[in-house]
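Report on the structure given below.
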Amino acid sequence: MLFRSYFDEKLAQYTYLVGCQRTGQALVIDPARHVDEVVEAAKKEGLHISAATETHIHADFVSGSRQLAEQYGVKLYLSDEGDENWKYGYTEGLEVEFVKEGSTFSIGNIDFKVMHTPGHTPESISFVLTDRGGGATTPMGIFTGDFVFVGDVGRPDLLEKAAGAEGTADSGARDMFRSVQRFKELHDYMMVWPAHGAGSACGKSLGAVPSSTVGYEKQFNWAMQINDEQAFVDELLKDQPEAPVYFAEMKKVNKVGPTVLKDTSRVPDFSAEDVNQAMDNDNTLVIDTRPATIAEKTLIPGSINIPYNKSFTNWVGWLANYDEDLVIIGEPYDKEDIIESLQSIHFDLVIGYAPISVVAEWSQHDAYETLTVQEFVEQVKHEDTYVIDVRNDVEWSDGHLEQAHHHFLGKLRKTDVPKNKTLLVYCQGGARSAIASSVLKARGYETVKHMAGGYGAYLREKTN
């Protein structure tokens, strides 16, 4: 058996390639939207991808299942669990086998048995793998999707928070409790291969280790330690992070079927004049991907700065709108990766990509100011200031500046704050407050300043 995993650090998402070397067949589990890397890897190993499957209708990234089926003609194994609201809507004309609790299928000499493991979503399934070609008669491991992570389990509140499905958080948590009890019945030696690692918003305390074992999770995963259902529900729903607003769009896209990509290189290169003309349209958002330390003094008026790093995709998902035309400013060598990052969460309306050199062609620039902790604290005392904490709910609850008002970064493009004040912005470490400052400048707020090092630096200086 051949086993490969592929990790997208911006989405903290795993795609798995499992192949039978005796028959040359291979299966992709929870494929990302851009599938060419996995297809080429299979070819190099002498394998042909004949099938793909996914553990549930994902909400945090665009699934590549339809892309594989349309572009490469693979067979899809898709969940038939859940009610009519959780059925796939793009399968007509494709080779599809719907599977549910107890279903089995094989890729060459590798067998997969389906477990219905609801909780994160009603249709969620897991796949128990047995390598019959290697002589095994008992399972090697389980692909758990967003059911069991290393050190955590999937959150059940996303449908309610992101998609507006009222009442589903509590019922999902109870489903998760029952699914966990079934998980405890599996052999301790079985490997656990989850769909996400640390950094994903699909859980609240995911581990950074890529895989685990059933036995290890039984001993050290908090969710395995609570045997009372209500206590489990209370703990699971407590302190869950904000649900990214783009999750509702992803759930819909993956249900009805994402657009099949044809050519990712078709995004045109823009000049400064092109950028300027595009900005005449009120429905255009310019995203500057330079590091904040460079962008803070030279922002094109109306643009927002989201540095291209592993948090880029997440904050674009929070701050951009799906009906907006996007213009990207970035390094030429990052163009393909940035476009793919955007497409991974279905931001396909990228109308142009401009090199960072275009910024110098603007006669005027927006700028915000970076203050030291001491300078920030001194200015907080002034009556003409308005202090904004852009951290998440849990961070805010753990402690904040007395004068602060809580306005989470992800909602700041649509949150009104006083126009006649100097805006003082902070987060935990300084990165999010820099993004927030650019958002506020783009919205027309004149005097914006943020604290270097954030609340963490403030606490350290306070205790010294």
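Going by the structure shown, is Ala26 at pLDDT 95 or above, assigned by TED's automatic domain parsing to the domain that holds Trp86 and over 20 Å from Lys262 (Cβ atoms)? Explain how you work it out, then say what you get.
Numbers: at pLDDT 95 or above: yes; assigned by TED's automatic domain parsing to the domain that holds Trp86: yes; over 20 Å from Lys262 (Cβ atoms): yes.
Here the answer is yes, as Ala26 does meet what is asked.
Filtering segment 262-291 to residues that are surrounded by 18 or more Cβ atoms within 10 Å (Cβ to Cβ) and closer than 30 Å to Ala165 by Cα leaves only Leu285. Every test in (1) modelled with pLDDT of 95 or more; (2) surrounded by 22 or more Cβ atoms within 10 Å (Cβ to Cβ) is passed by Met140 save one, and that test is (2).
Rundown of residues vs (1) among the hydrophobic types (A, V, I, L, M, F, W, C); (2) in contact with a Cys (Cβ under 6 Å, 6 or more places away or on another chain); (3) under 30 Å from Leu186 (Cα atoms); (4) without any contact (Cβ under 8 Å) to a residue 40 or more places away in the chain, yes/no style:
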site	(1), (2), (3), (4)
Asp239	no, no, yes, no
Pro244	no, no, no, no
Glu249	no, no, no, no
Val253	yes, no, no, no
Pro258	no, no, no, no
Ser271	no, no, no, no
Asp274	no, no, no, no
Gln277	no, no, no, yes
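Reported count of residues in segment 402-455, each being surrounded by fewer than 24 Cβ atoms within 10 Å (Cβ to Cβ), out of contact with any helix residue (DSSP H, G or I) (no Cβ under 9 Å at 6 or more places or on another chain) and either assigned by TED's automatic domain parsing to the domain that holds Ser311 or assigned to a helix (DSSP H, G or I) (or both), is 1.
Tally time: how many residues in segment 200-246 are under 30 Å from Leu412 (Cβ atoms) and touching a His at 6+ places or on another chain (Cβ under 9 Å)? Show your work before the answer.
Taking segment 200-246 as the starting set, the residues that turn out to be under 30 Å from Leu412 (Cβ atoms) are 200-206, 208, 236-246.
With the extra rule that they be touching a His at 6+ places or on another chain (Cβ under 9 Å), the set shrinks to 202-203, 206, 246.
Counting residues in segment 200-246 that are under 30 Å from Leu412 (Cβ atoms) and touching a His at 6+ places or on another chain (Cβ under 9 Å) gives 4.
Tell me which residues, restricted to segment 1-32, are closer than 17 Å to Tyr77 by Cα and touching a Pro at 6+ places or on another chain (Cβ under 7 Å). Correct list: Thr15 only.
Scanning segment 198-216 for residues that are surrounded by 18 or more Cβ atoms within 10 Å (Cβ to Cβ), at pLDDT 95 or above, in contact with a Lys or Arg (Cβ under 9 Å, 6 or more places away or on another chain) and not small (Gly, Ala, Ser) turns up at least one hit. From the list Glu369, Glu296, the one residue that fits, being in contact with a Lys or Arg (Cβ under 6 Å, 6 or more places away or on another chain), at pLDDT 95 or above, within 30 Å of Lys462 (Cβ to Cβ) and not hydrophobic (A, V, I, L, M, F, W, C), is Glu369.
Taking the residues in segment 217-237 that are touching a residue at least 60 places away in the same chain (Cβ under 8 Å) and more than 14 Å from Phe177 (Cα to Cα) as candidates, determine which candidate is surrounded by the fewest Cβ atoms within 10 Å (Cβ to Cβ). Give the derivation first.
Pass one, segment 217-237, residues touching a residue at least 60 places away in the same chain (Cβ under 8 Å): 217, 220-223, 233, 236-237.
From the residues that got through so far, the ones that are more than 14 Å from Phe177 (Cα to Cα) too are 217, 220.
Values: Glu217: 28, Phe220: 13.
Only one residue tops the list, namely Phe220.
Taking segment 228-299 as the region of interest, the helices (runs of 4 or more DSSP H) fully inside it that hold 1 or more residues being within 24 Å of the chain's Cα centre (by Cα) are 229-237, 246-256, 292-295.
Answer yes if at least one residue in segment 129-136 is of a type in the set (S, T, N, Q) and under 24 Å from the mean Cα position of the chain (by Cα), and no otherwise.
No.
Taking each residue of segment 303-314 that is assigned by TED's automatic domain parsing to the domain that holds Phe61 and under 22 Å from Gly444 (Cβ atoms) and looking for partners that are basic (Lys, Arg) and part of a loop (DSSP other than H, G, I, E, B) with beta-carbon atoms closer than 9 Å, six or more apart or interchain, yields nothing.
Within this structure, His58 passes the test of being crowded, with 23+ Cβ neighbours inside 10 Å and either at pLDDT below 95 or assigned to a loop (DSSP other than H, G, I, E, B) (or both).
Could you please find all residues in segment 61-80 being in contact with a Ser or Thr (Cβ under 7 Å, 6 or more places away or on another chain) and surrounded by fewer than 19 Cβ atoms within 10 Å (Cβ to Cβ)? If the condition is that a residue be in contact with a Ser or Thr (Cβ under 7 Å, 6 or more places away or on another chain) and surrounded by fewer than 19 Cβ atoms within 10 Å (Cβ to Cβ), then Lys75 is the only one that fits.
Considering segment 316-348, the residues that are in a loop (DSSP other than H, G, I, E, B) and more than 19 Å from the chain's Cα centre (by Cα) include one that is surrounded by the most Cβ atoms within 10 Å (Cβ to Cβ), namely Glu324. Only residues that are closer than 16 Å to Ile57 by Cα, touching a Phe, Trp or Tyr at 6+ places or on another chain (Cβ under 9 Å) and surrounded by fewer than 22 Cβ atoms within 10 Å (Cβ to Cβ) were counted across segment 157-197, and they come to 2.
Screening Val448 against (1) of a type in the set (A, V, I, L, M); (2) closer than 30 Å to Val275 by Cβ; (3) within 27 Å of the chain's Cα centre (by Cα) leaves a single unmet condition, (3).
The values are calculated or read from the model by the stated rules, or taken from the named source; none is laboratory data. Worth saying up front: this structure is predicted, and the values here are computed from it rather than measured. Cβ atoms come from the backbone with ideal geometry, glycine included; neighbour counts cover every protein chain shown.
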